Amino acid sequence: MYETDQETNLFLVKRAKKGSTEAFAELYEQIYIDLYRFALYTMGHKQDAEDAVSETVIAAYENLPQLRNEKAFHAWIFKILVNICNKKLRQKVERPIEERPEESEHPDYAQAYDVKNAFQELSEEEREIVGLTVFGGYTSLELGQMLGINSNTVRSKRSRALDKLSKKLKF
């Protein structure tokens, strides 16, 4: 089953590179939720996350013909998203701190809010490593290749970042 999915994705990427908007739309549908989750936790605001994902999709569509390794589409589009999120965070003007949302409608909302805030307190590199692991499903080896660092370094940085999150959340 996994090989079939990989083969299908590879076929879609090849078609999309040749200009098929339908193939690109299928690829986008498969990965949108993961992109959005990563962007939301990285950016911290729904609108900023939506903007980052939109910019990512546009950039990916425009630059798809330059993608050298079709098998690396998911890693490639996540790297675009990471770069866009980081750029937006650097450009972001100070915003007033939002008040804690009401917990009455969604009892798990407060916990999600705490997790999102703790995630925001990680360094840019830590957010990238944890986010791509959690939302992108990438291994240490894949992340090392994407980020240009040793896979053992990825593992140790991820471990430290998760320890920080754990301490902040007191799990």
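Restricted to segment 156-171, and to residues that are free of Cβ contacts under 8 Å to residues at least 24 places away in the same chain and not hydroxyl-bearing (Ser, Thr, Tyr), which residue is nearest to Leu141 (Cα to Cα)?
Looking at the filtered set, the residue picked out is Asp163.
In segment 127-155, how many are within 20 Å of Lys87 (Cα to Cα) and assigned to a helix (DSSP H, G or I)?
Counting residues in segment 127-155 that are within 20 Å of Lys87 (Cα to Cα) and assigned to a helix (DSSP H, G or I) gives 9.
Does Ala25 meet the test of being of a type in the set (A, V, I, L, M, F, W, C), free of Cβ contacts under 8 Å to residues at least 12 places away in the same chain and not assigned by TED's automatic domain parsing to the domain that holds Glu126?
Considered against the rule, which asks whether it is of a type in the set (A, V, I, L, M, F, W, C), free of Cβ contacts under 8 Å to residues at least 12 places away in the same chain and not assigned by TED's automatic domain parsing to the domain that holds Glu126, Ala25 comes out as yes.
Out of segment 60-81, which residues are under 12 Å from Glu142 (Cα atoms) and without any contact (Cβ under 8 Å) to a residue 40 or more places away in the chain?
Scanning segment 60-81 gives Ala72, Trp76.
With respect to Glu142, determine if the residue is closer than 29 Å to Gln30 by Cα, surrounded by fewer than 17 Cβ atoms within 10 Å (Cβ to Cβ) and at pLDDT 85 or above.
Against the criterion (closer than 29 Å to Gln30 by Cα, surrounded by fewer than 17 Cβ atoms within 10 Å (Cβ to Cβ) and at pLDDT 85 or above), Glu142 does not qualify.
The values are calculated or read from the model by the stated rules, or taken from the named source; none is laboratory data. No experiment lies behind these values; they were computed from the predicted model shown. All Cβ positions, even for glycine, are placed from backbone atoms using ideal geometry, and neighbour counts span all protein chains on display.
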